[in-house]
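The values are calculated or read from the model by the stated rules, or taken from the named source; none is laboratory data. For clarity, every value in this text was computed on a predicted model and none was experimentally measured. Positions of Cβ are backbone-derived with ideal geometry, glycine not excepted, and every protein chain shown enters the neighbour counts. Just the protein is used for accessible areas: all its heavy atoms, side chains included, with ligands, DNA and RNA removed. Shrake-Rupley method; radii C 1.70, N 1.55, O 1.52, S 1.80 Å.
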Amino acid sequence: MDGGRRILRSLRESFSARHSLVPIVPGEAPYALAAAAVATIPPAAVPAAAAAVAPRASARKTRGERLLSRLALLGRPGVGALATFALFAAIGAAGFVQNGGYAALVASEGEIYDIAARVAGFPISAVTITGQSRLTERELLDAAGVGPRNSLPFLDATAVRDRLMQVPLVKSARVMKLYPDRLVIAIEERQPSALWQRDGRVAVISEDGVPIDELRDQRYLGLPFVVGEGAQKRLLEFLMLMTRAGDLAHRIKAGVLVAGRRWNFEMTNGVTVKLPEIGPADALETLARLQREARILDKDVMFIDLRIPDRVSVRLTEEAAAAREAQLAPHKSTKSGG
């Protein structure tokens with residue numbers, strides 16, 4: 001201090017030291033002072049200040065700027081034309097479906113996804129079928145529902161197999177997809193084993209008794225013949241009895257199941273052989289012995305009853321019975337006259 005109690009150093013220097021102010025230089029912009037002031041803020045205070053300001057800025061962006069940015073997209077070149085095209089496309093598609101155009105397209109070309117898959121290179125260009133002998137490839141493809149409208153990726157192999165199994169002649173089926181464009185179908189057919197007559201209609205049946213076809217021509221006339229309700233389910237039993245008949249098998253015309261319990265054999269010469277419910281094979285052996293010893297099947301008989309063990313009952317034809325009656329008449333008259 002001087003004698004007048006004045007500070008000897010500069011007031012500006014003292015003020016800058018106490019308040020960290022930067023001197024204002026004539027000619028400099030006023031913002032230089034603000035920049036200097038910011039530069040003197042302690043580093044630890046900067047993140048806290050930024051964190052306090054950031055939420056308010058983010059909130060302003062989500063509320064206002066997001067809507068403005070979306071509206072700004074509509075003003076870009078081509079967006080309006082694209083929206084107009086999409087609107088007209090939706091209207092056209094709705095009219096196409098409502099007017100039946102889509103149904104006609106599906107009927108002729110298949111579903112949209114099938115069309116897309118075929119364009120992408122996955123059509124069904126080749127179908128390989130193995131195991132068929134009586135069924136044609138066309139019949140199998142129609143039954144499987146496979147055609148040019150299908151595509152390989154969207155073809156349900158399980159559904160195709162299920163449809164094939166509905167064909168009576170098909171015993172088993174396998175369906176495999178080989179990409180990119182090949183389908184393989186392997187089937188096993190039921191074999192015709194006999195003819196089955198019921199209610200005046202004759203069907204061709206397999207060994208397990210499943211009807212596989214109607215009798216349409218003479219191809220199956222040489223098969224064994226069973227008649228009656230439930231006879232098809234006992235076909236194996238009938239075939240076994242045919243085997244036990246031995247040399248007489250070729251003279252058996254048909255097996256008739258009676259009341260679902262026993263068999264009658266119709267022979268080719270019209271004779272009916274009645275077999276028992278229990279032990280029919282033994283009865284057939286008895287019939288074979290009688291044929292060897294007495295040619296019983298060559299006699300004028302209507303039926304041979306083997307239902308009672310150890311007893312054979314025979315009924316003559318009307319002509320044979322009349323002839324026998326006439327033959328025995330003189331003997332009766334002689335006895336009565338004596």
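Some observations on this one:
- Applying a DSSP loop filter and a limit of 14 other Cβ atoms within 10 Å to the GluC sites (Glu not before Pro) in region 208-266 leaves GLU229.
- Taken about its Cα centre, region 118-205 carries a charge dipole of about 40 debye when Lys and Arg each add +1 at the Cβ and Asp and Glu each add -1 at the Cβ.
- Neighbour net charge for LEU248 - beta-carbon separation under 13 angstrom, K R +1, D E -1: +2
- Under 13 Å, Cβ to Cβ, from THR158 - net charge with Lys/Arg +1 and Asp/Glu -1: +2
- Ordered by 1.4 Å accessible area with all protein chains kept, ILE124, ILE278 run largest first as ILE278, ILE124.
- For ASP142, the accessible surface of its heavy atoms amounts to roughly 100 Å² (probe 1.4 Å, protein chains only, rounded to the nearest 10).
- For LEU178, LEU223, LEU284, the ranking by accessible surface with the largest value first comes to LEU178, LEU223, LEU284, using a 1.4 Å probe.
- Under 10 Å, Cβ to Cβ, from ILE205 - net charge with Lys/Arg +1 and Asp/Glu -1: -1
- Segment VAL119-GLN191, length gained on full extension (0.36 nm per residue, minus Cα span): 21.7 nm
- Order of exposure, largest accessible area first, which applies to TYR220, TYR113 with probe 1.4 Å: TYR113, TYR220
- Cβ-derived FRET efficiency at R0 45 Å, MET165 paired with ALA281, nearest 0.05: 0.80
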